[in-house]
1. Multiply the residue gap between residue 30 and residue 121 by 0.36 nm, knock off their C-alpha separation, and tell me the result in nm, one decimal place.
2. For the chain, modelled as a GNM with alpha-carbon contacts under 10 angstrom, which of 90, 144, 66 fluctuates the most?
3. Please provide three numbers in whole Å: the alpha-carbon extents of the chain along the principal axes, with the largest listed first.
4. Between region 12-57 and region 97-114, what's the alpha-carbon centroid distance in Å?
């Protein structure tokens, strides 16, 4: 195909901007992980919560929410779901009885051990067009960009503000 007539798969020059490319890359990542996680009845975000708990057992809910960039209410709903599936356990924090510490249940740890190789292989498939050095560079650059711009990654940032309902009678 010539440059004058790009295929539908070709990224247009005007779309070679971080926001568009990040959205498309995110689609790829969600698609490849959803193929694996969907068989287990999990979403990629629920898996991210499991992974965060596995990597920092005993963390509090607020810490996990900040770590993966979601709001505390959403995390609470995910924890409730994962707890009902027997994948996560909450325990009272001995230093703050109002807070809860999060741990993987035995079933959650077994699921993580079983699925992690498939998920890592899926990540490798996404990055297959790159050399090993390019893969490391891409990941390093993504981390630098994300860490330097983390203030924009607040939960809910970029969403439309709720519209106010019109009052039934106008003010004079």
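Read-outs throughout are calculated quantities, based only on the coordinates presented, and are distinct from any laboratory measurement. This one's a predicted model, so the numbers in the text were calculated from it and none came from an experiment.
1. Extra length available between residue 30 and residue 121 comes to 31.4 nm.
2. Top of the fluctuation ranking is 144.
3. 67, 65, 33
4. 21 Å
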